[in-house]
Amino acid sequence: MQRKQRLSRNTAYFVPYTLWILLFVIAPVLLLIYQSFFNIDGQFTLGNYQTYFSSSTYLMMTVNSVWYAFLITLATLLISYPTAYLLNETKHPQLWLLLIIMPTWINLLLKAYAFIGIFSQAGIANQFLSFMGIGPKQLLFTKFSFIFVAAYIQIPFMVLPIYNSISELKPSYINASRDLGATNWQTFSRVIFPLTLPGVKAGIQAVFIPSLSLFMLTRLIGGNKVITLGTAIEEHFLTTMNWGMGSTIGVVLIVAMVIIMWLTGGSGKRHTRKGLTK
């Protein structure tokens, strides 16, 4: 009797989750794939995929998307790993984590407009440069400003998984490494980093995948000097009304995201063993 009740309770929990996945994950993806086989006139065709893979413009957009996503992820990782490590050493890490997470509560559009004010000719950044004698510079609508703002927005999503991995690291491993005569760099490269690699991979997934399809920041911060696949999708759905081509690019992005998840989804235990046995 208790087993039946437990089974019915588990089923009750499972049904809403299944419906959510079907309605808001699987169904949109299937609709996107279906729409990608139709041209602007509503006729079935494979021409969208042929156009995409034969067009130097779309291929260059793909390269740009991957390149900028890589730069954003790299900048975010270089900032987030030391931050997460220092957070683990503080007395009140939860308070500092809260302060890092709080900017995610603000709408992305509001943050973008805030940086427009900061990087404008009369903004705080140029006022500081003028005070230092460097003079005002063109900061807004540049590739640097786009990468800077995108990395700032993505930092919390990189810090959290890395911090979780570092906080779960047993101090006995570090102490054993130092007792065996390892230097600080050897301890980090052969003990700390391999053991926290699952958190790094999770952070890369959380940052790289959304960065592939950025489109609002490319307009507001990059001033259309940064053209990515996300920009092309927006153009096809809202301007040219070529939903088939926009869906095709969306399918390509989904495939790219699956590949990234597969590449960064290796077993953390395997890397842990490698790091501890070197």
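The values are calculated or read from the model by the stated rules, or taken from the named source; none is laboratory data. Since we're looking at a predicted model, the values are computed, not measured. Note: ideal-geometry Cβ built from the backbone for every residue, glycine included; neighbour counts use all protein chains shown. The accessibility values were calculated without ligands, DNA or RNA, using every heavy atom of the protein model including side chains. Shrake-Rupley method; radii C 1.70, N 1.55, O 1.52, S 1.80 Å.
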Completion exercise
Quick calc: nm separation of the 7 Å Cα→Cβ label points for Thr90 and Ser55 -> 4.7
Handout entry: For Phe38, residues with placed amide H under 5 Å, excluding near neighbours
Key = Thr45
Handout entry: Inverse mean reciprocal Cα-Cα distance (Kirkwood Rh) of the chain, Å
Key = 22.1
Handout entry: Solvent exposure ordering (accessible area, 1.4 Å, most first) of His92, His236
Key = His92, His236
Handout entry: Vicinal HN-Hα couplings computed from phi for the stretch 162-178 (Karplus, 6.51 cos²θ - 1.76 cosθ + 1.60; Hz; Gly/Pro x)
Key = 5, 4, 4, 5, 5, 5, 7, 6, 6, x, 5, 5, 5, 5, 5, 5, 6
Practice task
For Phe44 paired with Trp20, estimate the spin-label separation in nm (one decimal), with each label point 7 Å from Cα along the Cα-to-Cβ line.
Solution key: 3.6
Exercise for the section: Kindly report the accessible area of the chain per residue (heavy atoms of protein chains, probe 1.4 Å, no ligands, DNA or RNA), in Å². Expected result: 61
Exercise for the section: Run the 1.4 Å probe and let me know the accessible area of Leu99, rounded to the nearest 10 Å². Expected result: 90
Practice task
Could you order Glu89, Glu234, Glu168 by accessible surface area, starting with the largest, using a probe radius of 1.4 Å?
Solution key: Glu168, Glu89, Glu234
Practice task
Using only protein heavy atoms and a 1.4 Å probe, report how much of Phe148 is accessible, in Å² to the nearest 10.
Solution key: 100
Practice task
Whenever you get a sec, compute what percent of the accessible area on the chain sits on carbon and sulfur atoms (1.4 Å probe).
Solution key: 70
Completion exercise
Taking r as the C-beta separation of Asn224 and Leu98 and R0 as 30 Å, the FRET efficiency to the nearest 0.05 is 0.25
